[in-house]
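Encoded as structure tokens, the structure appears first; notes follow it.
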Amino acid sequence: MNSRFYAQAEVLVEVVRQGSMTAAAAALRLSKSNISQKIAEIESDLDAVLLKRNTRAIALTPAGQRVFDLCVKAVDALQLARGEVGHELQSTIPQGVVSLSGSNLYLSEFIMPLLPSLRENLPLVRIDLVGCDHPVDQRAEAVDLRIRVGAVDTDGVKAYPLAPLERVLCLHKDLLRDAEVPTDPSGLSGFPLILRSQESPELVLQKTGKTTTQRIANPALRVNSYELCVSAVRSGLGAAVLAKAVVQKDMNDGSIVELLPRWKIDPIPVSLVVPISKLRRPEVLAVSRYIVSRFKIGRDF
């Protein structure tokens with residue numbers, strides 16, 4: 001792949017992923033006119049119209065889809081390699097602003113305590129935290145790094161696996177005195193349960209090779225954030241599935257207890273997600289590596 005064609009293909013891939021030339025220009029740190037020029041060049045060189053343009057969006061033509069499919073993996077691989085090589089050869093301390101998004105609770109519980117040591121290691125890098133409890137469109141979220149709890153769409157991103165979160169079905173100890181405590185999952189249908197709007201209404205529990213699914217058809221309380229869910233459990237309003245690390249202190253002092261302790265819930269995966277085009281920036285790659293080193297798989301959270 002010659003350098004001229006690679007530059008054109010890189011721009012085409014980013015325009016498609018970002019959904020606009022303006023957003024692609026920001027991601028690649030190029031001017032919008034440069035982006036337009038590269039698209040015009042590749043269409044002229046290939047003698048084909050690759051993009052359908054209108055005032056609302058940009059879409060691929062059939063020819064553009066074919067070119068995109070043929071180029072995207074090569075562009076991703078070269079961008080990733082360029083970022084890694086640039087980091088290894090970097091002779092100066094990384095500097096700049098790196099934005100990191102994630103759920104408010106994960107940022108508060110896990111990332112915030114990490115910031116003092118990160119500042120010591122990367123003194124010229126400023127971290128901007130962007131909390132959000134709702135799923136976002138990767139292309140629409142103008143951040144450098146994203147903590148994703150759950151499954152990850154890997155299109156155009158590098159996903160670094162972090163330590164998964166162990167989960168427990170738990171409740172306040174006072175609720176044990178006020179409600180009939182179930183001894184198996186079937187008894188949950190008549191027990192007050194709290195459900196977050198972002199999570200599945202189906203609770204999957206396992207014990208010694210046996211798996212059962214309990215549907216939460218009529219929760220006692222529905223909330224739209226993790227913080228509200230934790231607060232509701234601490235207030236004795238019902239039982240909910242929570243990250244064990246978040247309520248570990250409550251469990252240690254006995255105020256929060258596990259419901260159906262013999263039945264387990266699979267841990268939920270966590271990833272650090274970075275748009276590949278942003279890994280060319282030394283400060284983004286440096287922060288990514290630091291976070292990954294502190295949350296290696298195998299550590300308990």
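Can we say LYS38 is crowded, with 19+ Cβ neighbours inside 10 Å and over 21 Å from VAL157 (Cβ atoms)?
So LYS38 fits the description; yes.
Suppose we filter segment 269-288 for residues that are open to solvent by 40 Å² or more (accessible area, probe 1.4 Å) and at pLDDT 90 or above; how many remain?
Step one: filter segment 269-288 for residues open to solvent by 40 Å² or more (accessible area, probe 1.4 Å), giving 269, 280.
Narrowing the set further to residues that are at pLDDT 90 or above leaves 269.
Residues in segment 269-288 being open to solvent by 40 Å² or more (accessible area, probe 1.4 Å) and at pLDDT 90 or above: 1 in total.
Restrict the check to segment 202-210 and report whether at least one residue is acidic (Asp, Glu), assigned to a strand (DSSP E or B), open to solvent by 60 Å² or more (accessible area, probe 1.4 Å) and under 20 Å from VAL149 (Cβ atoms). It would help to see each step written out before you state the result.
Quick first cut of segment 202-210, residues acidic (Asp, Glu) only: 202.
Now narrow it down to the ones that are assigned to a strand (DSSP E or B): 202.
Add one more test, that the residue is open to solvent by 60 Å² or more (accessible area, probe 1.4 Å), and what stays is 202.
Still in the list and also under 20 Å from VAL149 (Cβ atoms): 202.
Yes, because at least one residue in segment 202-210 is acidic (Asp, Glu), assigned to a strand (DSSP E or B), open to solvent by 60 Å² or more (accessible area, probe 1.4 Å) and under 20 Å from VAL149 (Cβ atoms).
Let me confirm something: among VAL136, VAL130, which residue is under 19 Å from the mean Cα position of the chain (by Cα), among the β-branched types (Val, Ile, Thr) and modelled with pLDDT under 90? Walk me through it before giving the result.
Numbers: VAL130 fails: modelled with pLDDT under 90.
From the options VAL136, VAL130, the qualifying one is VAL136.
Scan segment 1-48 for residues that are outside any helix (DSSP H, G or I) and more than 14 Å from LYS73 (Cα to Cα) and report the count. Give the steps one after another, and end with the answer.
To start, the set of residues in segment 1-48 that are outside any helix (DSSP H, G or I) comprises 1-2, 19-20, 29-31, 47-48.
Next, from what is left, pick out any that are more than 14 Å from LYS73 (Cα to Cα): 2, 19-20, 29-31, 47-48.
Of the residues in that region, 8 qualify.
Hey, does segment 240-249 have a residue that's touching a residue at least 40 places away in the same chain (Cβ under 8 Å), touching a Pro at 6+ places or on another chain (Cβ under 7 Å) and assigned to a strand (DSSP E or B)?
At the first step, the residues of segment 240-249 found to be touching a residue at least 40 places away in the same chain (Cβ under 8 Å) are 240-247.
Filter once more, keeping what is touching a Pro at 6+ places or on another chain (Cβ under 7 Å): none.
No, that holds for no residue.
Working only within segment 238-254, note down all residues that are under 18 Å from LEU203 (Cα atoms) and buried (at least 19 other Cβ atoms within 10 Å of the Cβ). Give the derivation first.
Within segment 238-254, the first condition is being under 18 Å from LEU203 (Cα atoms), and the residues that meet it are 238-244.
Selection gives GLY238, ALA239, ALA240, VAL241, LEU242, ALA243.
Sort out which residues of segment 150-191 are in a loop (DSSP other than H, G, I, E, B) and either touching a Leu at 6+ places or on another chain (Cβ under 7 Å) or open to solvent by 50 Å² or more (accessible area, probe 1.4 Å) (or both), and write them in order of number. Working first, answer last.
Kept after step one, since they are in a loop (DSSP other than H, G, I, E, B), are these residues of segment 150-191: 150-156, 179-184, 191.
If the condition is that a residue be in a loop (DSSP other than H, G, I, E, B) and either touching a Leu at 6+ places or on another chain (Cβ under 7 Å) or open to solvent by 50 Å² or more (accessible area, probe 1.4 Å) (or both), then ALA151, ASP153, THR154, ASP155, GLU180, VAL181, PRO182, THR183, ASP184 are the ones that fit.
Restricting the first residue to segment 215-226 and requiring it to be open to solvent by 80 Å² or more (accessible area, probe 1.4 Å), which pairs with a second residue that is basic (Lys, Arg) and part of a strand (DSSP E or B) meet a Cβ separation below 9 Å and a spacing of at least six or different chains?
As it stands, the answer is ARG222/ARG196, since those pairs meet every condition given.
The values are calculated or read from the model by the stated rules, or taken from the named source; none is laboratory data. Bear in mind the structure is a predicted one, so any value in this text is a computation, not a measurement. Quick reminder, even Gly has a Cβ in these numbers, built from the backbone with ideal geometry, and neighbours come from all protein chains shown. Ligands, DNA and RNA are stripped out before the accessible areas are found, and what is left, the full protein with its side chains, is counted by its heavy atoms. Shrake-Rupley method; radii C 1.70, N 1.55, O 1.52, S 1.80 Å.
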